[in-house]
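What follows draws every value from the coordinates through simple rules; no lab data is involved. Since the model is a prediction, treat every value here as computed from it, not as a measurement. Counting neighbours? That spans all protein chains shown, and the Cβs are built from the backbone with ideal geometry, glycine included.
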Amino acid sequence: MTLDKAVLVFAGFMVLVSLALTYFVHPAWMLLTVFVGLNLMQSAFTGFCPAAMAFKRFGFKPGTAFN
C-alpha cells in the first residue's frame, strides 16, 4: 500500500469513527469530521499532511501526492 492510499484509508476511517461517536456519544464529535475535512483540503493545497509524515515513518512507500 502506498502512502497516498494509507492517508485516504485513515481519513475515511476517522470520518466513520467520528460519525459513530456523533451518533452514539455526543453531537460535538462532528467537529472531528470537520477537522479531518479541513486537514484534507489544506494538504491538497500545501502538500503538508501530518498523517502522511507519520505513515512515512512507519515505512509506507511514497505515492504521487506526498513526496
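Over the chain, with a single point scatterer placed on each C-alpha, what log10 of the ratio I(q)/I(0) does the Debye formula yield at q = 0.15, 0.20 1/Å?
For the requested q values the scattering log ratios are -0.50, -0.78.
For TRP29 and ALA65 in the same chain, what is the full-extension length gain: residue separation times 0.36 nm, less their Cα-Cα distance, in nm?
10.1 nm
Could I have the simple spin-label model distance between VAL17 and LEU38, label points 7 Å from Cα toward Cβ, reported in nm to one decimal?
Placing both labels 7 Å beyond Cα along the Cβ direction yields 1.9 nm.
Ordered by packing density, taken as the mean number of other Cβ atoms within 10 Å over each peptide's residues, highest first, how do 2-8, 19-25, 52-58 rank? Each step should come with its number before you reach the end.
Details: 2-8: 18.4, 19-25: 12.1, 52-58: 14.7.
Order by mean packing, descending: 2-8, 52-58, 19-25.
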